[in-house]
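The values are calculated or read from the model by the stated rules, or taken from the named source; none is laboratory data. Quick caveat: nothing in here was measured; it's all calculated off a predicted structure. Note: ideal-geometry Cβ built from the backbone for every residue, glycine included; neighbour counts use all protein chains shown. These area figures cover heavy atoms from the full protein model, side chains too; ligands, DNA and RNA do not enter into them. Shrake-Rupley method; radii C 1.70, N 1.55, O 1.52, S 1.80 Å.
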Amino acid sequence: MDVPELLEAASLLVPTEIATENDITINDVWDYLAHDEWEVALGLLEELAAVHPLPLDFWEGLATAAGQMRLERSAAWCHWRCYESRNGIIRADLTLRPAGESRRQTPFSGAGVLRPMWSIGNRTPTGEEALNIARLWAEFTPALGPGERSSVRLAPLDPSQWRHLQPGQTITMHEDRTIGGTAVVLEVQGPTATPAP
């Protein structure tokens, strides 16, 4: 499918009754599609999905459309949301340690590139602290640097190791054995996609 077909197919999965805080509805998306404003339509579809959870097919279509338009960050975000549909959502409020107190000396991309280790309460068979890997997406900021704070989304390498997390729980981020940041869990949701038979 080409970009307009992908965006139209995704639009059909959005309930007509939902609207953003700015009163954007699916009708606005259709108006932009009618005028070949594909990038704007894609952005509005992403906004509508923040109001109401949408199925995996929606995110897969948007990811393909964004890729065809060469919108790398948008494509990465849509692929991230595909992962969350399959594996669940973990959001946290992360505060990084200042540059003088951790390994991190420079900002990193907030677009799901960094794969730090996390202390989430798991133990090895011998009782030692186990660290679990999860990619990190910083919400509302393109980069995150030492001493900064942001809400983040986590994509665990092994989601089954993270199922015990609860809102309010404190976890720590590690890029080596030292603590690079501390996060308070904000939200934990299970997968929304139905596994294929």
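Here are some residues: Leu44, Leu96, Leu48. Which one is closer than 22 Å to Leu154 by Cα, modelled with pLDDT under 95 and open to solvent by less than 60 Å² (accessible area, probe 1.4 Å)?
Checking each option against the conditions leaves just Leu48.
Could we say that Gln68 is surrounded by fewer than 15 Cβ atoms within 10 Å (Cβ to Cβ), within 30 Å of Leu13 (Cα to Cα) and either among the hydroxyl-bearing types (Ser, Thr, Tyr) or in contact (Cβ under 8 Å) with a residue 40 or more places away in the chain (or both) here?
yes
As an exercise: evaluate Ser160 against (1) open to solvent by 40 Å² or more (accessible area, probe 1.4 Å); (2) within 30 Å of Glu39 (Cα to Cα); (3) not in a loop (DSSP other than H, G, I, E, B) and give the number of the one condition it does not meet.
(2)
Please pick out the residue among Thr192, Thr141, Thr182, Thr172 that is under 14 Å from Glu84 (Cβ atoms), among the β-branched types (Val, Ile, Thr) and either in contact (Cβ under 8 Å) with a residue 40 or more places away in the chain or in a loop (DSSP other than H, G, I, E, B) (or both).
It is Thr192.
In the stretch 160-180, which residues are over 11 Å from Met117 (Cβ atoms) and in contact with a strand residue (DSSP E or B) (Cβ under 6 Å, 6 or more places away or on another chain)?
Gln161, Trp162, Leu165, Pro167, Gln169, Thr170
So which residues in the stretch 45-95 are over 22 Å from Leu136 (Cβ atoms) and not in a helix (DSSP H, G or I)?
Listed by number, the residues that qualify are His52, Leu54, Pro55, Met69, Arg70.
Can you tell me which condition Cys78 does not meet? The list is (1) out of contact with any Cys (no Cβ under 9 Å at 6 or more places or on another chain); (2) open to solvent by 30 Å² or more (accessible area, probe 1.4 Å); (3) within 26 Å of Thr16 (Cα to Cα); (4) at pLDDT 95 or above, and all the others hold.
(2)
Out of the residues in the stretch 99-127 that are hydroxyl-bearing (Ser, Thr, Tyr) and open to solvent by 60 Å² or more (accessible area, probe 1.4 Å), state the one that is nearest to Arg149 (Cα to Cα).
Once the filter is applied, the top-ranked residue is Thr106.
Restricting to the stretch 27-44, count the residues that are assigned to a helix (DSSP H, G or I) and over 25 Å from the mean Cα position of the chain (by Cα).
Residues meeting the conditions: 6.
Considering only residues that are open to solvent by less than 40 Å² (accessible area, probe 1.4 Å) and part of a loop (DSSP other than H, G, I, E, B), look in the stretch 1-18 and name the one that is nearest to Arg73 (Cα to Cα).
So, considering only residues that are open to solvent by less than 40 Å² (accessible area, probe 1.4 Å) and part of a loop (DSSP other than H, G, I, E, B), the one nearest to Arg73 (Cα to Cα) is Val14.
Which condition number does Ile133 fail, the rest of (1) of a type in the set (A, V, I, L, M); (2) open to solvent by less than 20 Å² (accessible area, probe 1.4 Å); (3) not in a loop (DSSP other than H, G, I, E, B) being met?
(2) is the only condition that Ile133 fails.
Starting from the stretch 22-42, take each residue that is farther than 17 Å from Leu71 by Cα and list its partners that are outside any helix (DSSP H, G or I) and modelled with pLDDT under 95, counting only C-beta distances under 7 angstrom and pairs at least six apart or across chains.
Cβ pairs passing all conditions: Thr25/Ala19; Ile26/Val14; Ile26/Thr16.
Restrict the check to the stretch 136-148 and report whether at least one residue is open to solvent by 30 Å² or more (accessible area, probe 1.4 Å) and under 13 Å from Ile90 (Cβ atoms).
no
Given Gly168, Gly190, which one is modelled with pLDDT of 95 or more, surrounded by fewer than 15 Cβ atoms within 10 Å (Cβ to Cβ) and small (Gly, Ala, Ser)?
Within the list Gly168, Gly190, the selection yields Gly168.
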